[in-house]
């Protein structure tokens, strides 16, 4: 298993869920920009499941030497890489913030995903799970830089799924909605609409096993987003969302 | 949306509720920043203490310190971060033939909390408190440094932290010993006792058993005072088990766990329903004595079976009153306590009596000493403070003590026994209440 964004609590919960369910992995490759906490996770799964893993430090904001990743191979990739950054009101005209959001959620992430997609394509097997966001379904004033990057990522995953379909590689897009993680800690989220990482992992695992194409973590989000997508633009633009 | 870490926080009793800053981090650097940038910091694990001990101005939640560090499967020594729950430990240790030496009545407490409260269980008379089996732990102190504390290294901090209610710093991780078991089952005997005399006699007769505890019907009066059921148990050996359990002795089947979906309306728990419950509980066992094999979950954690059971007490919450009276005068004191409760009509849904063994004089901040303790749940209402006052009087008269982990209402003279923990950095709501009232 290859994990991109290994400090993500959802990614970690998914790894645990898969191991609990008896999935076998020769090795888990934990890609991360934060070596310290990821190494603690690596030790954790070794203690808990006797699962071997390797921590690979990778910073999307720096050039990547793909030759060094030649040996990394698996049948499953879980991409939880993401960066929320400052919301639009605080960070719209901060170019550094904008670039970082675009790069980590899409710009620099896609070439890395492509690198692994190519490996899967040549083997003609495997599953790619990508965590996108409901924020990508319609641009809203509160965080449309993040939303637009996620929209691009959603489109990328959908295209990739189409492209890899007859190459026997499956692509699963996850749209989590609110999640109670480090990324959202301290934000006033409605608890009824917010999933814990463990809940998210259970749902993602189910969707993975069922070979779903697109899945929301909490079903309620499918309804909410259907409504949001269908509000006519002349009304939508006046809303404070 | 700017993050705002101020939120409503409350512990298991849903009383009191505060609106304070609460933050969780897994990076040690960020935890250090949190400690250095605030005064009045208190660590909080899973919030399973009942009262106000893990509440404060700036709460650091250890829920993200939830990783295992090592497990020596040969010697049964485990090391994990402080937010790991005892249930997480059991999940990996039981199938390997190891159990916690000491466990409280819920498995959903964090390892850090177990040390800070120096929890005890049904085996205190035989095996002492949680701290007996702690090898060392890492503590973040006032200046943000992380120190290792053990009986040899920083031993002053080690003993001050044990039972120290989080006032010495933030416990980051701990290493402790586990005990060997051959099965996940307990050989159990439950014996009915008509009254207080009989239950005290049974306790003393059962001292050779590793685990003993009694459930008391606290609404009985007169000659029936102390009507109860004693439960005693031992970890079952594989060869003792009935045939159907022998095959897979270390694995339990997954059980259905119901959840209390909402706070029950206030009227659901009243003197009458509590009386009916207690009556049925006592009558459920028809024979005087029942011998059985029961899985460890049912034996140690009967209430964990219902998720969020604290909600049955309604939104006003409840307190747990756990006090302890020295052995010599135990029976006399308990009788007075039970009489006072029965007369007040403010019944306790759950009343647990337990005999404790000798204290560990080094663990000077720990709660238990040789004597009897009674733990009672009371729904919070307008009459409760008066009852608690009366009970505190009796506890004081008999030189008793109140368990800080459960306390949120008792008088400070019964609880103010923490030593070597004075700090302006680590302060809890409970500590402030005790200091202000003394």
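The values are calculated or read from the model by the stated rules, or taken from the named source; none is laboratory data. Being a predicted model, the structure only gives us computed values, none of them experimental. All Cβ positions, glycine included, derive from the backbone under ideal geometry; neighbour counts span all protein chains shown.
Quick notes on this one:
- Residue in region B:377-389 that is at pLDDT below 95, farther than 30 Å from residue B:210 by Cα, in a strand (DSSP E or B) and touching a helix residue (DSSP H, G or I) at 6+ places or on another chain (Cβ under 8 Å) present: yes
- Restricting attention to region B:17-31, the residues being surrounded by 15 or more Cβ atoms within 10 Å (Cβ to Cβ), touching a strand residue (DSSP E or B) at 6+ places or on another chain (Cβ under 7 Å) and free of Cβ contacts under 8 Å to residues at least 60 places away in the same chain number 5.
- Test: residue in region B:230-237 that is modelled with pLDDT of 95 or more and over 23 Å from the mean Cα position of the chain (by Cα): yes
- Residue in region A:159-175 that is more than 23 Å from residue A:114 (Cβ to Cβ), free of Cβ contacts under 8 Å to residues at least 24 places away in the same chain and either within 14 Å of another protein chain (Cβ to nearest Cβ) or surrounded by 12 or more Cβ atoms within 10 Å (Cβ to Cβ) (or both) present: no
- So residue B:82, is it within 11 Å of chain A (Cβ to nearest Cβ) and touching a helix residue (DSSP H, G or I) at 6+ places or on another chain (Cβ under 7 Å): no
- Flag not set for residue A:157, criterion: closer than 30 Å to residue A:91 by Cβ and part of a loop (DSSP other than H, G, I, E, B).
- Restricting region B:177-193 to residues that are closer than 8 Å to residue B:235 by Cβ and in a loop (DSSP other than H, G, I, E, B), the residue that is nearest to the chain's Cα centre (by Cα): B:181
- Verdict on residue B:87 being out of contact with any helix residue (DSSP H, G or I) (no Cβ under 9 Å at 6 or more places or on another chain), within 22 Å of residue B:127 (Cα to Cα) and not in a loop (DSSP other than H, G, I, E, B): no
- Those residues of region A:11-21 which are within 14 Å of chain B (Cβ to nearest Cβ) and either touching a helix residue (DSSP H, G or I) at 6+ places or on another chain (Cβ under 8 Å) or surrounded by fewer than 24 Cβ atoms within 10 Å (Cβ to Cβ) (or both), in sequence order: A:12, A:13, A:15, A:16, A:17, A:19, A:20, A:21
- Against the list (1) more than 9 Å from chain A (Cβ to nearest Cβ); (2) at pLDDT 95 or above; (3) closer than 23 Å to residue B:303 by Cα, the condition residue B:91 fails is (1).
- Selection count where residues are within 14 Å of chain A (Cβ to nearest Cβ) and within 22 Å of the chain's Cα centre (by Cα), scope region B:1-46: 2
- For region A:31-53, a residue qualifies if it is assigned to a strand (DSSP E or B) and either more than 25 Å from residue A:103 (Cα to Cα) or within 13 Å of chain B (Cβ to nearest Cβ) (or both), and the qualifying residues are A:32, A:53.
- When A:64, A:56 are checked against the criterion of being away from chain B (no Cβ under 14 Å) and not in a loop (DSSP other than H, G, I, E, B), a single residue qualifies: A:56.
- Failed item in (1) touching a residue at least 60 places away in the same chain (Cβ under 8 Å); (2) under 23 Å from residue B:311 (Cα atoms); (3) buried (at least 18 other Cβ atoms within 10 Å of the Cβ), with residue B:345 passing the rest: (3)
- Selection status of residue A:24, more than 10 Å from every other protein chain (Cβ to nearest Cβ), under 26 Å from residue A:124 (Cα atoms) and assigned to a helix (DSSP H, G or I): no
- Across region A:219-241, not a single residue is classified as within 27 Å of residue A:23 (Cα to Cα), under 20 Å from the mean Cα position of the chain (by Cα), crowded, with 18+ Cβ neighbours inside 10 Å and away from chain B (no Cβ under 14 Å).
- Members of region A:19-31 found to be at negative phi and either at pLDDT below 95 or more than 16 Å from the chain's Cα centre (by Cα) (or both), listed by number: A:19, A:20, A:21, A:23, A:24, A:25, A:26, A:27, A:28
- Residues that are outside any strand (DSSP E or B), buried (at least 21 other Cβ atoms within 10 Å of the Cβ) and either out of contact with any helix residue (DSSP H, G or I) (no Cβ under 6 Å at 6 or more places or on another chain) or at positive phi (or both) occur in region B:231-244; there is at least one.
- Exclusive hit being out of contact with any strand residue (DSSP E or B) (no Cβ under 8 Å at 6 or more places or on another chain) and in a loop (DSSP other than H, G, I, E, B), set B:253, B:283: B:253
- Some residue of region B:317-334 being surrounded by fewer than 20 Cβ atoms within 10 Å (Cβ to Cβ), in contact with a helix residue (DSSP H, G or I) (Cβ under 6 Å, 6 or more places away or on another chain) and over 26 Å from residue B:418 (Cβ atoms): yes
- Given (1) more than 14 Å from chain B (Cβ to nearest Cβ); (2) touching a residue at least 12 places away in the same chain (Cβ under 8 Å), index of the condition residue A:8 fails: (1)
- Of all residues in region B:57-68, those being within 10 Å of chain A (Cβ to nearest Cβ), more than 15 Å from residue A:50 (Cβ to Cβ) and part of a strand (DSSP E or B) number 1.
- Of the residues A:85, A:91, the single one that is crowded, with 20+ Cβ neighbours inside 10 Å, closer than 15 Å to residue A:144 by Cα and within 14 Å of another protein chain (Cβ to nearest Cβ) is A:85.
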